Every structure is written in structure tokens, then in C-alpha cells.
Amino acid sequence: MTRGLAPLERIGLVSRETDARDGRVAHAALTDTGRERLTDMLATAEQIAAKVFAAPQWSEEDIALLSGLLTRLGGTGLPGHGAPPP
């Protein structure tokens, strides 16, 4: 995990915060710059998704189905992640 966060830390998007109860543990936290970049990225993603899903080939049923599948994929619907396989 440390290797993955190191580049983000170098460019100022995350910082390490020491755990007050256990000095061996450090938590990653978004910096103000990291929060701003995340906000900007989310706004851009929402704009792109709105354009893509406004296209005529996507029915409301298609979008609802895709949303449900992505929700399952994003967490508890995966085997080994707290829910039984379908």
C-alpha cells in the first residue's frame, strides 16, 4: 500500500497521519489539494456520464440494469466480499 500512495504523497494529494494509539500505524488522508482534485474529477465524470447516457441507444431500462450491475460489482455483490455468490 505504501508504494501505491508514495507518488500521490509526493505530488501533494495525500498525506500520512500517524495513529495516536499506535505509532507503528499511519493512515492516508486526502490533502486540501487532493480533495479539490477529487471534486473536479467527480464533476468531470458526471458530465461525461450525462453525455454518454443521454445518447438514444440507452433506454431507461438499460441504465437501470447497468446501474444495478455496477452496484453489485462495486462491493457486496462480489463473492468473498461479504455477500454470497449469486
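The values are calculated or read from the model by the stated rules, or taken from the named source; none is laboratory data. These numbers come from a predicted model, not from an experiment. Ideal geometry is used to build each Cβ from the backbone, glycine not excepted, and the neighbour counts take in all protein chains shown.
For the reader, a short list of remarks on this structure follows.
- Residues that are closer than 30 Å to LEU66 by Cβ and part of a strand (DSSP E or B) within segment 1-31 comprise just one, LEU30.
- Matching residues in segment 71-80 - criterion: being of a type outside the set (A, V, I, L, M) and either modelled with pLDDT of 90 or more or not in a helix (DSSP H, G or I) (or both): GLY74, GLY75, THR76, GLY77, PRO79, GLY80
- Of the residues making up segment 29-55, just one is at pLDDT below 90 and touching a helix residue (DSSP H, G or I) at 6+ places or on another chain (Cβ under 7 Å), namely PHE53.
- The listed residues are GLY34, GLY68, and the only one of them that is touching a residue at least 24 places away in the same chain (Cβ under 8 Å) and part of a helix (DSSP H, G or I) turns out to be GLY34.
- ASP19 modelled with pLDDT under 90 and acidic (Asp, Glu): yes
- Contact annotation: residue pairs with Cβ atoms under 9 Å, 6 or more positions apart or on different chains, pairing a residue in segment 13-24 that is in contact (Cβ under 8 Å) with a residue 12 or more places away in the chain with a partner that is assigned to a loop (DSSP other than H, G, I, E, B), are LEU13/THR31; VAL14/THR31; SER15/THR31.
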